[in-house]
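The values are calculated or read from the model by the stated rules, or taken from the named source; none is laboratory data. Predicted, not measured: the structure shown is a model, and the values here were computed from it. With ideal geometry, Cβ positions are generated from the backbone for all residues, glycine too; neighbour counts draw on all protein chains shown.
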Amino acid sequence: MQRKCVSKITKMATAIVVICGLGAVNAWADDEDRRDHDKVCTNRTLEGDYGFTIEGLLGVPGDSVPLRGVVLQHFDGKGHLTSTDHIVINGAPPVDAWRPGYGTYTVNPDCTGTSTIVIPSSPFPPLELYFVIAKEGREVREVVEGNAIVAVGDKVR
């Protein structure tokens, strides 16, 4: 009789431990989801060097040329950036192997943002870009306003 009673108590205790454990795991997962959802982006989310690959078409529909390149951008975490790019337009190498640039950026709380980049040696006006920050600030996806040019950048350091 005593053995049956101990066995029943052991089974009940095991069931209670399992149920409590599952509840704790669910509470932990909910807490993680809440913390991720509560995170907001700021200019500090972009801080450091990012390497971008650029691809697209330069010009107007029907009269555009392919553009490809690489860019190293440094974000200071305070809304200022510097860049160095190597852009190949229509298969032609650039006049300057590496062109320096500078600009500003603004990050919105939802991890979207805009930037303006001035390239002093370029005949074009400053570039206006829209971006999305991904992978907790380790990746940036950009599009140039007014052109079919996109870029994806990964944090270098």
Report yes if some residue within the stretch 126-141 is in contact with a Phe, Trp or Tyr (Cβ under 7 Å, 6 or more places away or on another chain), assigned by TED's automatic domain parsing to the domain that holds Gly56, at pLDDT below 95 and closer than 17 Å to Gly56 by Cβ; otherwise report no. no
Would you confirm whether or not the stretch 81-88 contains a residue that is among the small types (Gly, Ala, Ser), buried (at least 18 other Cβ atoms within 10 Å of the Cβ) and closer than 16 Å to Phe131 by Cβ? yes
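Would the stretch 89-101 turn up any residue that is surrounded by 14 or more Cβ atoms within 10 Å (Cβ to Cβ) and among the β-branched types (Val, Ile, Thr)? Please lay out each step first, then the result.
To start, the set of residues in the stretch 89-101 that are surrounded by 14 or more Cβ atoms within 10 Å (Cβ to Cβ) comprises 89, 94, 99, 101.
Remaining after also requiring among the β-branched types (Val, Ile, Thr): 89.
Checked the stretch 89-101: at least one residue is surrounded by 14 or more Cβ atoms within 10 Å (Cβ to Cβ) and among the β-branched types (Val, Ile, Thr).
Yes or no, residue by residue, for (1) in contact (Cβ under 8 Å) with a residue 60 or more places away in the chain; (2) among the small types (Gly, Ala, Ser); (3) touching a Leu at 6+ places or on another chain (Cβ under 7 Å):
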site	(1), (2), (3)
Pro100	no, no, no
Pro109	yes, no, no
Ser115	no, yes, yes
Val118	no, no, no
Pro126	no, no, no
Only one of these is exposed (fewer than 14 other Cβ atoms within 10 Å of the Cβ) and within 18 Å of Asp154 (Cα to Cα): Arg68, Arg44. Name it. Arg44
Single residue of Thr112, Thr104 found to be within 14 Å of Asn43 (Cα to Cα) and loosely packed, with under 15 Cβ neighbours inside 10 Å: Thr112
